[in-house]
Amino acid sequence: MNKSHVTGSIDQAVGKVKETVGNATGNQKLANEGAAQQVKGAAKETWGNVKDSASEASATAWARASKTEATAGEKSQELRDRVTNATQHMKNNIANTLDNFNKKQEEKREDIRKAS
């Protein structure tokens, strides 16, 4: 666990509280800020997970390299590929979450325009 992971978890919790309070009080701005902070926290937490995975992969690669240098290069490449693929997957998940959030916000704005 690292700083990004911890601050991401905190942002998510604070964002959830803001969203809940905003919904309960009818303060849409606060609710929206809370939702955005949750997305920000999820991104931070994901980045922390990526850093942890990269660190573990690096440690594993170094351990294997000390045993057999010939296979260490192959294993390191495999681990780098796995970390890179996991990072891309997380990036895509975050992008999808942000897209969904933005779509919901646009729908809310459209509903407000129609109601006016």
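Worth a mention:
- Taking N as the residue count of the chain, its C-alpha radius of gyration divided by 2.2 N^0.38 Å amounts to 1.50.
- For Ile112 and Thr25, the difference between the fully extended length at 0.36 nm per residue and the C-alpha to C-alpha distance is 29.5 nm.
- The slack in the chain from His89 to Ser9, taken as 0.36 nm per residue of separation less the alpha-carbon distance, amounts to 26.8 nm.
- Using alpha-carbon coordinates, inclination of helix 28-67 to the longest axis of the chain, degrees: 0 degrees
- Computed on protein heavy atoms with a 1.4 Å probe, the accessible areas place Val6, Val17 in the order Val17, Val6, largest first.
- Kirkwood hydrodynamic radius of segment 1-58, from inverse mean 1/r over distinct Cα pairs, in Å: 11.6 Å
- Peptides 74-84, 95-105 ranked from most to least packed give 74-84, 95-105, packing being the mean of other C-beta atoms within 10 angstrom over each peptide's residues.
- Seen against the Cα atoms of the chain and their longest principal axis, helix 69-115 is set at about 0 degrees.
The values are calculated or read from the model by the stated rules, or taken from the named source; none is laboratory data. Every value quoted in this text rests on a predicted model; they were computed, and no experiment measured them. Backbone-built Cβ (ideal geometry, glycine too); neighbour counts: all protein chains shown. Only protein heavy atoms, including side chains, enter the accessible area calculation; ligands, DNA and RNA are left aside. Shrake-Rupley method; radii C 1.70, N 1.55, O 1.52, S 1.80 Å.
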